[in-house]
Amino acid sequence: MKKKLIRLSLLSVVCLNMFGCTALVVGGVAAGATSGAAVASDPRSSDGVFDDQSLRRKVDDAINATVPGNNVEVTSYNQSILLTGQVISPDNKAKSETMALQVPGVKKVYNYIEIGKSQSASQTSKDAYLTSAIKSNLLFSKGVSSNDVKVVTTNGVVYLMGMVDPYQAKRMAKAASEIDGVKSVVTLFEYSTN
């Protein structure tokens, strides 16, 4: 029964993502990507959530202005920036990190940009599937909330960001690593002392 529910959830997520819909329906409750429900259960304050969205856009704009033609994805969580994707040279990787660090409000930068060609559309689809599968798996993991973590996947490598306790971190990393197709899991958590 649990496997059928996970498969149904995954199918729903994949279908919704394919058609550009940002609402996810689970258990009869719709929650948009930036809905009040998601903000209410996020360990960051609502101001922190919106500040991170703004910070992500500013870092993305700064990198795009300096490193044209890049394939860099910017993720922000509690003023920490994760850079993933691909650039054509080590110089562009360093420039991307430098630009991110220069944006006011950025506390830390995790630079996981790869040197090489942009990943294929097929790989991007696989990564989106993996992210959705991990989020669905987290829904069924006891003691964790999928709203407490950002899941980013690039070339099969999963990056987890969030404010969690050590127990939650271990459970989340395990839930991510259980998904077929995941090459490795990188945890970039901030640990709470609750």
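Dimensions of segment 79-132 along principal axes (Cα, Å, largest first)?
That works out to 35, 27, 12 Å along the principal axes.
Label Ile88 and Ala128 with points 7 Å out from Cα along Cα→Cβ: what is the distance between them in nm?
2.6 nm
Accessible area per residue for segment 94-194 in Å², computed with a 1.4 Å probe and the full protein assembly in place, what is it?
51 Å²
Taking the Cβ of Ser54 as the center, what net charge do the other residues with Cβ under 14 Å away carry, scoring Lys and Arg +1 and Asp and Glu -1? Don't skip to the end; give the middle numbers.
Working: positive: Arg44, Arg56, Arg57, Lys58; negative: Asp47, Asp51, Asp52, Asp60, Asp61.
My count for the surroundings of Ser54 gives -1.
Averaging sequence separations of C-alpha pairs under 8 Å and six or more residues apart, then dividing by the length of segment 38-194, give the relative contact order as a whole percent.
Answer for segment 38-194 is 17 percent.
As an exercise, use a Förster radius of 41 Å and the Cβ-Cβ distance of Asn64 and Lys142 to find the FRET efficiency, rounded to the nearest 0.05. Display every interim value, and only then the final one.
Details: r = 41 Å, r/R0 = 1.00.
Efficiency, from the Cβ-Cβ distance: 0.50.
Please label the shape of segment 47-194 as rounded, prolate or oblate, based on the square roots a ≥ b ≥ c of the eigenvalues of the alpha-carbon gyration tensor (a/c under 1.5 means rounded; beyond that, a/b larger than b/c means prolate, else oblate).
oblate
Quick one: if you stick a label point 7 Å off each Cα along the C-beta vector at Lys174 and Lys107, how many nm between them?
It works out to 2.7 nm between the two label points.
The values are calculated or read from the model by the stated rules, or taken from the named source; none is laboratory data. A quick note: this is a predicted structure, and the numbers were derived from the prediction, not measured. FYI the Cβ positions are ideal-geometry reconstructions off the backbone, even for glycines, and counts take in every protein chain you see. What goes into the accessible areas is simple: the full protein's heavy atoms, side chains included, and nothing from ligands, DNA or RNA. Shrake-Rupley method; radii C 1.70, N 1.55, O 1.52, S 1.80 Å.
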